[in-house]
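The block underneath contains the structure these notes are about, expressed in structure tokens.
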Amino acid sequence: MSKFSLYSVTLNKSDTETKREEIRTYFHNTFDIFEKIFEVLKSDEVFYQRSESTRHPMIFYFGHTATFFVNKLINMKIIKKRINPEFESIFAVGVDEMAWDDLENSHYKWPKVEEVRAYRKQVRELVDVLITTLPLNLEIKQDSPMWIILMGIEHERIHIETSLVLHRQMPLECVKEVKEFNICSHSSTSPKNEMIEIKGGEIVLGKERSHNLYGWDNEYGVYKESVKDFKVSKYLVSNDEFMEFVKEGGYEKSEFWDDEGRKFLEISGAKHPAFWILEDGKYRYRALYKEIDMPLDWPVDVNALEAEAFCRYKSKKERISYSLPSEVEYRVLYEYAGLKDIPELHESRANLNFYHYFSSCPVNEFGFNGIYDVMGNVWQWSRTPIFGFEGFEVHPAYDDFSTPTFDDKHALILGASWASSGNLIMKHSRYAFRKHFYQNAGFRYVITDTEAEKKGDIYESHELVSQYCEFQYAGENFGVKNFAIECAKIASKFAKKHTKALDLGCSTGRATFELAKSFDAVEGIDFSARFIGVGAKLKSDGYVAFASKTEGDLVQKKKITIKELGYENLKHRVSFWQGDACNLKPNFNSYDLIMATNLIDRLYNPKLFLDTVHERLNSGGVLILTSPYTWQEHFTKKEFWLGGYKDKQDKEVKTIDTLKEILSANFDLVHLQDLEFVIKETSRKFQHTIAEISVWSKKN
């Protein structure tokens with residue numbers, strides 16, 4: 001057994017102190033493995049290189065998992081003080097190539113590797129203390145502070161695997177051998193693939209919230225489907241089997257690629273899988289830290305677009321319709337294989353969790369009831385775009401784990417790989433990536449009568465996000481004008497220059513577009529990826545679609561296009577970013593206007609934002625704050641409220657007076673007014689609120 005192998009902790013059983021020690025051991029094991037894999041990088045200089053253009057330099061990922069702990073602990077008000085605000089800003093967002101990920105290197109001043117190592121040590125010490133002191137009730141549930149610790153651990157487990165992929169994409173001269181990381185040393189003739197008949201049945205996906213293992217939000221809920229009988233390949237597609245496709249010009253024949261695939265070929269120039277190296281007319285194979293002779297019987301590593309192209313090629317050649325398996329077909333296969341969930345699953349049965357190798361191995365090494373690598377070796381691409389099950393709810397600590405991927409652009413990967421551990425190897429885990437991404441992933445194929453579902457408009461169904469889509473993009477209610485439009489008009493009126501504006505707390509992005517009518521460039525920032533995803537979708541896909549609640553569980557589907565809104569010629573002026581108003585990245589600066597709409601009474605530390613906001617404005621810049629001052633401890637601990645309470649002398653403290661006190665050193669208050677707004681909850685229930693708008697001009 002590898003010293004790197006360790007299963008996730010269960011959420012029940014044993015006494016409190018034993019459970020604390022289990023979590024503590026699991027945490028340090030995870031932290032150790034993560035830091036160990038970065039020893040593959042040959043020198044500290046390599047940390048500042050990108051493995052490929054759509055990713056950050058490796059220093060980002062080295063810092064990211066540690067800052068995740070702190071940011072989530074702050075967000076959930078488990079701790080009050082940051083360790084390093086700068087690190088916890090620059091390392092926070094930018095992992096999955098979403099529209100709001102900022103990959104511009106000039107926007108970052110990356111710290112020294114030794115500084116990040118020291119920071120990671122501080123985070124390790126903080127989390128260690130929390131594990132031993134936080135309240136702990138058995139069973140551990142999603143509202144437990146310890147759940148956030150487990151979230152950070154499982155998040156780092158994910159990045160152990162994804163970082164290994166990035167290291168493997170680094171030029172060979174940038175990496176070195178780590179003796180503990182053993183590459184499989186054997187290979188032979190590839191076995192001939194064949195099809196195995198599998199009987200279908202009624203499949204139920206999803207798990208209960210009382211499940212005894214940690215889960216991400218997309219795992220919970222219920223999905224049912226009747227699966228028809230199908231046939232599945234006995235083995236994963238090997239390098240040898242895929243070689244035929246390459247040698248017959250599969251990468252040059254556009255008929256085998258869809259539009260997204262052809263775009264991938266155009267951008268990448270790919271002629272063969274990414275981890276194949278063509279030397280003197282012969283292919284070699286790139287393992288983690290070295291090149292080896294092509295292991296023909298190992299599974300091929302490809303992205304989803306390459307896997308789909310191969311299926312089209314094989315379908316044409318054999319006049320049989322081959323495809324990737326669906327999520328439910330894989331579950332049938334999982335049950336057929338007689339697999340058990342952890343901890344009952346013994347890792348020696350499959351190539352996973354670093355138990356056997358730090359690489360793939362032959363496709364005929366680990367069998368499951370006559371089918372090989374049902375689990376482990378490499379992930380298997382599916383034809384199913386990830387979606388939320390019935391009853392899906394985001395966890396408040398991590399609202400952007402799943403929902404940004406519910407866009408029909410992220411395909412599920414199934415079955416885990418040699419580098420998978422923790423939640424990644426659990427029965428109910430669900431992970432998805434963009435189709436052009438590389439993971440430790442390959443594929444197997446199926447013959448099935450089940451047709452893929454046709455793509456349609458993606459309707460936002462989360463109640464709060466849908467409510468704000470209605471608020472910002474639907475019609476007026478009771479004669480009250482659109483709040484986002486009116487705020488943008490006021491902002492444009494008071495701004496002295498109109499070059500660059502920031503819409504902070506932009507929600508679903510309506511005011512961002514409205515500001516673009518009078519500003520050359522507008523950046524919309526919101527803490528929630530669910531919200532900025534709406535504005536980003538309007539910009540990229542040209543529409544906003546949402547389910548407006550009418551009564552009980554009844555909804556009305558609405559769709560509004562960018563053409564109807566008159567924003568077609570404005571979209572090049574707007575951009576959307578995910579960010580924390582209390583800890584923004586330093587590159588968000590040089591604005592003529594900052595508009596913070598109904599934001600300050602939703603911040604965990606509003607004074608922190610107000611104390612430094614002037615630094616982000618140009619000389620003569622304008623700050624506009626709107627708020628109904630509805631202070632709630634759910635958002636802001638009472639000690640950080642700016643108003644709405646009595647001080648020690650029993651004097652009433654009003655928010656506007658505190659704003660004047662904080663901002664007067666750097667701003668002049670030039671305008672105050674009330675502005676009402678109405679938010680529709682259902683067809684018969686509306687919120688009618690009055691916000692106060694204060695306009696502040698920065699002093700020269």
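The values are calculated or read from the model by the stated rules, or taken from the named source; none is laboratory data. Nothing here was measured: the structure is a model prediction, and the numbers come from that model. Note that we place each Cβ from the backbone using ideal geometry, even for glycine, and neighbour counts take in every protein chain shown.
Candidates 589, 583, 598, 569: the one that is free of Cβ contacts under 8 Å to residues at least 24 places away in the same chain and either surrounded by fewer than 20 Cβ atoms within 10 Å (Cβ to Cβ) or under 22 Å from the mean Cα position of the chain (by Cα) (or both) is 569.
For segment 569-592, residues that are in contact with a His (Cβ under 8 Å, 6 or more places away or on another chain) and not in a loop (DSSP other than H, G, I, E, B) total 1. Of all residues in segment 640-686, exactly one satisfies the criterion of being surrounded by fewer than 16 Cβ atoms within 10 Å (Cβ to Cβ), in contact with a helix residue (DSSP H, G or I) (Cβ under 9 Å, 6 or more places away or on another chain) and either small (Gly, Ala, Ser) or outside the structural domain of residue 493 (by TED's automatic domain parsing) (or both), namely 665. In segment 610-624 there is at least one residue that is outside any strand (DSSP E or B), among the hydrophobic types (A, V, I, L, M, F, W, C), at pLDDT 95 or above and in the same structural domain as residue 477 (by TED's automatic domain parsing). In this entry, residue 511 is excluded by the filter for residues that are more than 29 Å from residue 617 (Cα to Cα) and in contact with an Asp or Glu (Cβ under 9 Å, 6 or more places away or on another chain).
Residues of segment 81-108 that are out of contact with any helix residue (DSSP H, G or I) (no Cβ under 8 Å at 6 or more places or on another chain) and either at pLDDT 95 or above or assigned to a loop (DSSP other than H, G, I, E, B) (or both): 81, 85, 86, 93, 97, 101, 102, 103, 104.
Considering segment 189-216 alone, what residues qualify as being under 17 Å from residue 227 (Cβ atoms) and basic (Lys, Arg)? Within segment 189-216, 199 is the sole residue that qualifies. Going residue by residue through segment 383-393, is there one that turns out to be touching a His at 6+ places or on another chain (Cβ under 7 Å) and either surrounded by fewer than 20 Cβ atoms within 10 Å (Cβ to Cβ) or not charged (D, E, K, R) (or both)? Checked against the condition, which is being touching a His at 6+ places or on another chain (Cβ under 7 Å) and either surrounded by fewer than 20 Cβ atoms within 10 Å (Cβ to Cβ) or not charged (D, E, K, R) (or both), segment 383-393 yields at least one hit. Could you pull out every one of the strands (runs of 3 or more DSSP E) wholly within segment 456-559 that has 1 or more residues that are hydroxyl-bearing (Ser, Thr, Tyr) and touching a strand residue (DSSP E or B) at 6+ places or on another chain (Cβ under 9 Å)? Of the strands (runs of 3 or more DSSP E) lying wholly inside segment 456-559, those with at least 1 residues that are hydroxyl-bearing (Ser, Thr, Tyr) and touching a strand residue (DSSP E or B) at 6+ places or on another chain (Cβ under 9 Å) span 543-551.
With the condition kept exactly as written, say whether any residue in segment 242-250 is closer than 30 Å to residue 173 by Cβ, among the charged types (D, E, K, R) and touching a residue at least 60 places away in the same chain (Cβ under 8 Å). Taking every residue of segment 242-250 in turn, none turns out to be closer than 30 Å to residue 173 by Cβ, among the charged types (D, E, K, R) and touching a residue at least 60 places away in the same chain (Cβ under 8 Å). Taken together, 139, 161, 177 contain a single residue that is of a type in the set (D, E, K, R) and in a helix (DSSP H, G or I), which is 161.
Within segment 9-24, being surrounded by 12 or more Cβ atoms within 10 Å (Cβ to Cβ) and assigned to a helix (DSSP H, G or I) holds for 19, 20, 21, 22, 23, 24. Residues that are touching a residue at least 12 places away in the same chain (Cβ under 8 Å), assigned by TED's automatic domain parsing to the domain that holds residue 306 and closer than 27 Å to residue 150 by Cα are absent from segment 442-451. When we screen 546, 519, 576 for residues that are over 17 Å from residue 609 (Cα atoms), at pLDDT 95 or above and hydrophobic (A, V, I, L, M, F, W, C), the only hit is 519. Taken as a whole, the condition of being at pLDDT 90 or above, buried (at least 17 other Cβ atoms within 10 Å of the Cβ) and of a type in the set (Val, Ile, Thr) does not apply to residue 485. I want to confirm something. Restricting to segment 135-153 and keeping residues that are touching a Ser or Thr at 6+ places or on another chain (Cβ under 9 Å) and surrounded by fewer than 18 Cβ atoms within 10 Å (Cβ to Cβ), which single residue is farthest from residue 13 (Cα to Cα)? Step by step, filter segment 135-153, then rank; the result is 135. Within the bounds of segment 527-541, is there any residue that is of a type in the set (A, V, I, L, M, F, W, C), buried (at least 17 other Cβ atoms within 10 Å of the Cβ), touching a residue at least 12 places away in the same chain (Cβ under 8 Å) and under 22 Å from residue 590 (Cα atoms)? The answer is yes; a qualifying residue exists.
If the condition is being within 23 Å of residue 517 (Cβ to Cβ), in contact with a helix residue (DSSP H, G or I) (Cβ under 6 Å, 6 or more places away or on another chain) and aliphatic (A, V, I, L, M), then segment 539-569 contributes 544, 560, 562.
To keep it simple, each residue is scored yes or no on (1) among the β-branched types (Val, Ile, Thr); (2) over 24 Å from residue 443 (Cα atoms); (3) outside the structural domain of residue 444 (by TED's automatic domain parsing).
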{"position": "181", "(1), (2), (3)": "no, yes, yes"}
{"position": "186", "(1), (2), (3)": "no, no, yes"}
{"position": "204", "(1), (2), (3)": "yes, no, no"}
{"position": "209", "(1), (2), (3)": "no, yes, no"}
{"position": "213", "(1), (2), (3)": "no, yes, no"}
{"position": "219", "(1), (2), (3)": "no, no, no"}
{"position": "231", "(1), (2), (3)": "no, no, no"}
{"position": "235", "(1), (2), (3)": "no, no, no"}
